[in-house]
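Please read the structure below before turning to the comments.
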Protein chains: 2
Amino acid sequence: MNPTIETLLSHRSIRKFTQDAISPEQLTQIIDAARSVSSSSFLQCTSIIRVTDKEKRRLLAEYAGNQAYVADCAEFLVWCADFHRHEQINPNAKLGFTEQTLIGAIDGAIMAQNAMVAAESMGFGGVYIGGLRNQPEKVAELLAMPNHVMPLFGMCLGVPAQDPETKPKLPAQLLVHENSYQAIDEAALSDYDNQVREYYQTRTGGNKDMSWSEQISATLEKEARPFMKDFLHSKGFSTR
Amino acid sequence: MNPTIETLLSHRSIRKFTQDAISPEQLTQIIDAARSVSSSSFLQCTSIIRVTDKEKRRLLAEYAGNQAYVADCAEFLVWCADFHRHEQINPNAKLGFTEQTLIGAIDGAIMAQNAMVAAESMGFGGVYIGGLRNQPEKVAELLAMPNHVMPLFGMCLGVPAQDPETKPKLPAQLLVHENSYQAIDEAALSDYDNQVREYYQTRTGGNKDMSWSEQISATLEKEARPFMKDFLHSKGFSTR
């Protein structure tokens with residue numbers, strides 16, 4: 001197994017960091033790795049807002065649902081879908097299509113993952129902060145995002161001050177289909193459910209007793225960020 | 001520079017492959033790397049459809065706008081946002097929210113990028129096939145995708161039979177903002193435009209003479225897949 005595969009397989013979210021910084025040279029390598037990814041139609045519709053201002057960090061931590069590591073980590077990057085760059089270059093650019101929202105989300109995410117992998121390969125750890133979409137209009141205002149720019153998620157990076165286990169992920173049997181979509185394999189699901197339950201019991205001293213099926217059922221009982229459609233429209237995304 | 005960063009920085013899309021296969025063990029490593037990524041709220045809403053059927057490959061190549069490498073590459077993977085898995089587990093799951101479309105696109109993309117990086121670290125090459133969204137309803141039908149499953153993009157993987165240069169990407173100066181969104185730096189843009197023009201002239205023997213600004217302006221002159229909103233709705237995505 002080569003060192004890159006080892007890095008990829010050992011990923012786990014880090015939510016506790018030492019006070020150590022990421023040096024400018026290291027950050028440059030991380031950003032350069034991000035810049036190297038593919039881009040749909042060469043549109044390059046991602047922007048990264050690096051937040052160094054302490055008060056803005058504090059507010060973002062609050063907006064994300066009081067996630068203290070957003071304030072404390074060495075680097076906090078906000079990944080945005082950005083078509084305002086194109087609008088500045090060509091005020092007549094046709095924008096607002098749902099397809100562009102997809103491109104923005106997809107391109108931003110593959111770019112961010114390269115940054116995560118680069119950071120992890122250097123011994124840093126990190127976590128995605130989807131919670132930035134809890135109050136996206138406040139995030140957009142705080143970071144002065146114009147129309148056609150929206151926050152996708154945040155990313156904390158830094159030196160890990162914890163060493164959690166990797167989480168058991170959906171097995172290939174349930175993830176990969178061949179030639180056509182296949183119905184869920186109940187036996188494989190049941191095995192996986194037991195594996196997740198065991199993981200939680202070990203990690204929480206028996207306080208959390210939940211299978212994956214139970215967990216996702218609970219999550220999907222309520223509406224997820226029901227304001228998102230209106231927010232996208234308000235920023236000029238997915239209007240047609 | 002560590003070998004992982006080297007792999008990330010040397011990415012370029014490969015569109016010509018030898019006849020060599022990817023072994024089952026190698027494919028397992030690629031899929032395991034993909035499985036290792038973060039997942040929003042542990043929803044794990046991605047499915048991969050591995051297409052080995054030659055006739056389906058031929059049709060997908062055609063649907064994607066006659067991209068022959070879709071038919072010829074060693075492995076072709078279709079990355080899908082999948083909430084039907086959850087629906088099977090809990091028929092009362094609340095689905096259809098625009099937020100779920102974002103999660104589906106983001107999670108599928110970060111997972112796919114791990115697969116790309118894993119493959120590249122092993123000496124393979126690949127290319128994303130966004131063109132699968134040219135005729136998404138035909139792709140969905142061919143691969144028997146039920147409601148709440150949609151194709152995000154395809155991915156060709158295999159042994160490179162070409163060695164293209166890396167493409168000049170948007171410089172950090174234009175990609176990264178600090179603390180608030182910043183207007184485009186005209187001088188940096190002009191430098192980058194020249195760099196892209198030079199890249200095309202070298203690569204095409206002077207036949208293509210285009211800056212990045214010119215290219216994206218041309219791309220955004222017309223509507224991008226204007227049917228996407230209706231397609232998403234028809235598959236139970238972004239309905240609210």
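Less than 9 Å Cβ to Cβ from residue B:148, Lys/Arg counted +1 and Asp/Glu -1: what total charge do the surrounding residues give? With Lys, Arg at +1 and Asp, Glu at -1, the net is 0.
What base-10 log of the normalised intensity I(q)/I(0) is obtained for region B:40-87 from the Debye formula, alpha carbons as equal point scatterers, at q = 0.15, 0.24, 0.28, 0.33 Å⁻¹? With no solvent term, the Cα-only Debye profile gives -0.48, -0.81, -0.96, -1.20. Counted by neighbouring Cβ atoms within 10 Å, the residues B:163, A:193 run from fewest to most as B:163, A:193.
Basic side chains Lys and Arg get +1 at the Cβ, acidic Asp and Glu get -1 at the Cβ, and with that the dipole of region B:144-222 about its Cα centre reaches some 380 debye.
Restricting attention to chain A, lysine pairs at least eight places apart or on different chains and with alpha-carbon atoms under 28 angstrom apart total 23. Rounded to the nearest 20 debye, the dipole magnitude of chain B is 700 debye, with +1 charges on Lys and Arg beta carbons, -1 on Asp and Glu beta carbons, and the Cα centre as origin.
Along its principal axes, the protein assembly as shown has C-alpha extents of 64, 58, 44 angstrom, given from the largest down.
Between residue A:178 and residue B:42, the distance separating the two model label sites (each 7 Å from Cα on the Cα→Cβ line) works out to 3.1 nm.
Charge tally for residue B:220 (other residues, Cβ to Cβ under 10 Å; Lys, Arg +1; Asp, Glu -1): -1. Mind giving me the FRET efficiency for residue B:54 and residue B:28? R0 is 22 Å, r the Cβ-Cβ distance, nearest 0.05 is fine. With a Förster radius of 22 Å, E is 0.45. Taking a sphere under 11 Å around the Cβ of residue A:184 and counting the other residues whose Cβ falls inside, with K and R at +1 and D and E at -1, yields a net charge of -3. Within region B:158-180, which residues have the backbone N less than 20 Å from the label spot 7 Å out from residue A:144 along Cα→beta-carbon, could you tell me? Residues B:172-180 qualify, since their backbone N sits under 20 Å from the label point. Dipole magnitude for the protein assembly as shown: about 740 debye, using +1 per Lys or Arg Cβ and -1 per Asp or Glu Cβ, origin at the Cα centre. Helix content alone sets the calculated 222 nm mean residue ellipticity of chain A: runs of n ≥ 4 DSSP H residues at -39500 (n - 2.57) each, divided across all residues, give -13000 deg cm²/dmol.
Inverting the pair-averaged 1/r between distinct Cα atoms of region B:162-240 gives 15.7 Å as its Kirkwood hydrodynamic radius. In this label model, residue A:137 and residue A:1 are separated by 4.7 nm, measuring between points 7 Å along each Cα→Cβ vector. Checking Cβ-Cβ separations below 4.7 Å across the protein assembly as shown identifies A:45, A:80, B:45, B:80 as cysteines lacking any candidate disulfide partner. Ranked by how many other Cβ atoms sit within 10 Å of their own Cβ, fewest first, the residues A:86, A:233 fall in the order A:233, A:86. Distance between the 7 Å Cα→Cβ label points at residue A:21 and residue A:165: 3.8 nm. Note on chain B: dipole from Cβ charges, positive end direction compared against B:140, B:11, B:156; the farthest Cα belongs to B:140. With a Förster radius of 22 Å applied to the beta-carbon distance between residue B:92 and residue A:188, the computed FRET efficiency rounds to 0.45. By the count of neighbouring beta-carbon atoms within 10 Å, fewest first, B:133, B:15 end up ordered B:15, B:133.
Go ahead and run the numbers for FRET between residue A:66 and residue B:202, Cβ-Cβ distance against an R0 of 45 Å, rounding to 0.05.
Result of the calculation: an efficiency of 0.30.
Laboratory data are not the source of any read-out in this text; all were calculated from the coordinates shown. No experiment lies behind these values; they were computed from the predicted model shown. When we count neighbours, we look across all protein chains shown, and the Cβ atoms used for this are built from the backbone with ideal geometry, even at glycine.
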